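Q: This structure is in structure tokens; I'll ask about it shortly.
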Amino acid sequence: MKIWHSIFLLTGALLLTGGTGLAKGAEQPTPSKPYKASVAKDGVQRVEIVGGSYFFTPNRIIVKVNIPVELKIRKEPGMVPHNIVVAAPEAGIVFDATMENEAKVIRFTPTKVGSYPFYCNKKLLFFESHREKGMEGVLEVVE
Ligand SMILES: [Cu+2]
């Protein structure tokens with residue numbers, strides 16, 4: 001019995017290292033400094049996000065619940081198309097916007113505390129999606 005147990009453990013270890021090796025191939029998003037939005041005099045929280053191949057800066061954004069947000073998005077120069085998607089209807093945050101070199105503004109008011117992912121859903125043929133290449137971040141809604 002003991003030998004089978006060892007073989008089982010060894011196989012498990014090999015699978016784990018194999019898995020890590022594979023995961024290394026995919027670029028992981030480097031956590032940027034969290035950006036904590038402050039509320040402007042007019043009662044709006046403004047955040048600017050730049051997207052590029054394959055990142056968002058910042059990729060961690062903290063906003064307050066029940067206060068309007070203006071998200072100014074733009075894309076770094078380049079041919080690769082990018083967008084920014086959030087699908088969190090439970091928190092009143094749903095958008096899918098193309099990122100252009102010229103900035104544009106997305107407006108929403110988060111209604112529920114929580115962490116909501118944002119990402120680019122572009123994908124070329126059979127290649128990894130931009131999200132898999134690291135183009136994702138998290139929007140944290142706090143009290
Ligand atoms: Cu993209």
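Q: If you place +1 on the Cβ of every Lys and Arg and -1 on the Cβ of every Asp and Glu, how big does the dipole about the Cα centre of the stretch 49-143 come out, in debye to the nearest 20?
A: So the magnitude is around 100 debye.
Q: If you don't mind, another one. Name the residues whose placed amide hydrogens come within less than 5 Å of the amide hydrogen of V138, ignoring near sequence neighbours (fewer than 5 apart) on the same chain.
A: Excluding prolines and chain starts, which carry no amide H, the hits are R60, I61, F118.
Q: Another question, if that's okay. Expressed as a fraction of 2.2 N^0.38 Å, the rule-of-thumb size for a compact globular protein of N residues, what is the C-alpha radius of gyration of the stretch 29-142?
A: Taking the Cα Rg and dividing by 2.2 N^0.38 Å, one obtains 1.02.
Q: Do you know the relative contact order of the stretch 29-142, to the nearest whole percent, from alpha carbon pairs under 8 angstrom that are 6+ apart?
A: 29
Q: Oh, and also: Using alpha-carbon pairs under 8 Å, 6+ residues apart, how would you state the relative contact order of the stretch 85-139 in percent?
A: Reported relative contact order: 32 percent.
Q: Could you calculate the FRET efficiency of K41 with E102 from 1/(1 + (r/R0)^6), where r is the beta carbon distance between them and R0 is 30 Å, rounded to 0.05?
A: Approximately 0.70, to the nearest 0.05.
Q: Here's another thing I want to ask about it. Could you calculate the FRET efficiency of V142 with E90 from 1/(1 + (r/R0)^6), where r is the beta carbon distance between them and R0 is 25 Å, rounded to 0.05?
A: The calculated FRET efficiency here is 0.95.
Q: Another one. Which net charge results for the neighbourhood of P81, defined as the other residues with beta-carbon distances under 9 angstrom from its beta-carbon, given Lys and Arg at +1 and Asp and Glu at -1?
A: Net charge around P81: +2.
Q: Given the options V85, C120, I61, identify the residue whose Cα lies farthest towards the positive end of the charge dipole of the stretch 29-142 (+1 on Cβ of Lys, Arg; -1 on Cβ of Asp, Glu).
A: Farthest towards the positive pole: I61.
Q: Packing-wise, with mean Cβ within 10 Å as the measure, how do 99-111, 82-94 rank, highest first?
A: Packing order, densest peptide first, comes out as 82-94, 99-111.
Q: Which net charge results for the neighbourhood of V44, defined as the other residues with beta-carbon distances under 12 angstrom from its beta-carbon, given Lys and Arg at +1 and Asp and Glu at -1?
A: Within the 12 Å Cβ shell, the charges total +3.
Q: Next up: What number, in percent, do you get for the relative contact order of the stretch 34-73 if the mean sequence gap of Cα pairs under 8 Å and at least 6 apart is divided by its residue count?
A: Relative contact order comes out at 50 percent.
Here, each number is a calculation from the coordinates, and none is a lab measurement. Worth saying up front: this structure is predicted, and the values here are computed from it rather than measured. In this analysis, Cβ positions are derived from the backbone assuming ideal geometry, glycine residues included, and neighbour counts consider all displayed protein chains.
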